[in-house]
Each structure stands twice: as C-alpha cells, then as structure tokens.
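Structure first, commentary second.
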Amino acid sequence: MTFEIDRKDLIEGLGKGLKVIEAFDDDHPRLTASETAALTGLSRTAARRFLLSLCHFGYAATDGKHFWLAPRVLRLGQSYLGAARLPRLVQPFIQRASMQSGETVNMSVLDGHEVVYVARSNPPRYVSIGYQVGVRVPAHVVTPGFAILSTLSDEALDGWIAEHEFASFTSHTITDTATFRANVLGARELGYWMTEQHLDPGLRGIALPLKDRKGECRGAIGMTLQAQAYSSESMVEKLLPLLREAATSLRPLL
C-alpha cells in the first residue's frame, strides 16, 4: 500500500536508493551496474551512482565491476526490530505458548507478497524448528500467508492473487490460483489454517490471524513442526488452543 504525500515532500532519490538495495536477493547476490539498471528500471549511469554511493556509506562493496551488499545493511532491518512496538509486545505471549507446547512459536507480518517473521520464541529445547527473525518467504507457501490473507476483502484478495508469482517449491506447493483462493477462503471460515510441505518436505504448519481491538489484522502467530510429530487432529486439539489464547490475550493490547 502506497502512503500518499505532497509531491514537494517526496525525495525520489531516497526511494530509488532503497530500490537498488532491494534488487539484491538470493538470485542476485552480486550485480553489475547494468544488471542493477535492468532490475530497477534506472539508467545504467544512475544505477552506478547509487551503487557507488552505497559503497561510500558502507552499505555495499565492489571489486570495480560487481557490487554486493555489506553487513551494515542489516542495520536497516534491525532498526525496525529494535524500534517496533509489535514484536516486543508479542514476545511474552508467544513465549508462554512455546513453553506450554514445547514448540517454537513465531509472529509474522505480510509485506507485499512475502511473509516476514518479526518475532520468535526462545526455543524450549535444543533443537527447534521454524524461521528466524528477519526471514522473508513467499506468502503462498507458509501458513501465516493463508491466515493473514484470509482477513482481506474478496476484492483485495483477488487483486493480490492476480499480482502474485506462484512459484513451486515442493510437489505440495499450491500454484493453481483457484485452489489457492479456495484455501484462503477456508482459512477465513475456520479462523486458522494448516499447511503441509508447501515449502519444505517433512514440515507442516498452523497459524491464525493476530487482530487488534478494532478487528484489523496485524499479522499472524503460528508454529512450524515436523510432519511426523503431529497429526492434523492433534495440532487442532493441542496447539490451536494455545495460539488462540495468545491471540485473544493480545487483542486488547493492540
């Protein structure tokens, strides 16, 4: 969603610089100025200037031809995690659910077409399963994606689906848009959802929307588990009540 401001207050260069940073990902860890230009829609000259500026400020490095992000760029995401109220508020509630279940509990939000994990319980055991804070995952392959999208209006959901790239990760990944939409509507009806092996073989998840006192969705809380550890029935019986209790306790505070 775009936050509209007066044109005179807009610093377009800042947006372009951030767009250059976002051009780097798993598929593009190192980029030339020409490749960056192609990914961002900037001219090669402009892309090169932004890349060199990022190097100057310590957010990128270069060998003279290729550019890559430097560790300093992690400060941008860490600033959100350090300053945002929501992850800090959620932490004790997901920690309690974690201790009661013996499983790792996550809180995540939807950022465009990706789920971003912003809070995670401290593992109650040495070996824990789930995504670390800061991890971004395509929303159609993880349970929080279904849970959060289930709170959208039909119009907003259809628009999201039309713009999403349904890449396949396992044989269980849902790539058919009609099937995906039906699953999201199922999550809307139930108030929670479960997925199995959509992203990683052998893992299944359960999640439900986290709503504030006005009924607006602020994210999702859920768990990722070994598929053989729980049946679908036992997840609903043993784990879902703990997630619901955490969400219900949090709602008046959000």
- Can you find a residue in region 208-219 that is closer than 23 Å to residue 107 by Cβ, open to solvent by 70 Å² or more (accessible area, probe 1.4 Å), not hydroxyl-bearing (Ser, Thr, Tyr) and not in a loop (DSSP other than H, G, I, E, B)? yes
- Note on the structure: Per the filter on region 82-98, residues under 30 Å from residue 18 (Cα atoms) and either open to solvent by 20 Å² or more (accessible area, probe 1.4 Å) or modelled with pLDDT under 90 (or both) are 82, 83, 84, 85, 86, 87, 88, 89, 91
- Item | Criterion (of a type in the set (S, T, N, Q) and at pLDDT 95 or above) met by exactly one of 79, 150, 121, 101 | 150
- Please find, among 246, 182, the residue that is aliphatic (A, V, I, L, M), part of a helix (DSSP H, G or I), modelled with pLDDT of 95 or more and open to solvent by 40 Å² or more (accessible area, probe 1.4 Å). 182
- Test: residue 156 is open to solvent by 40 Å² or more (accessible area, probe 1.4 Å) and assigned to a helix (DSSP H, G or I): yes
- Query: Which of the residues that make up region 185-207 are surrounded by 18 or more Cβ atoms within 10 Å (Cβ to Cβ) and in a strand (DSSP E or B)?
  - Reply: 193, 194, 195, 203, 204, 205, 206, 207
- For region 99-122, what are the residues that are open to solvent by 50 Å² or more (accessible area, probe 1.4 Å) and on the phi > 0 side of the Ramachandran plot? none
- Task: Would you point out which residue out of 157, 190 is closer than 24 Å to residue 245 by Cβ and aliphatic (A, V, I, L, M)?
- Result: 190
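The values are calculated or read from the model by the stated rules, or taken from the named source; none is laboratory data. From a predicted model like this one, the values you see are computed outputs, not experimental measurements. So basically every Cβ, Gly included, is an ideal-geometry build from the backbone, and we count neighbours across all protein chains shown. With ligands, DNA and RNA removed, areas are computed over all heavy atoms of the protein, side chains included. Shrake-Rupley method; radii C 1.70, N 1.55, O 1.52, S 1.80 Å.
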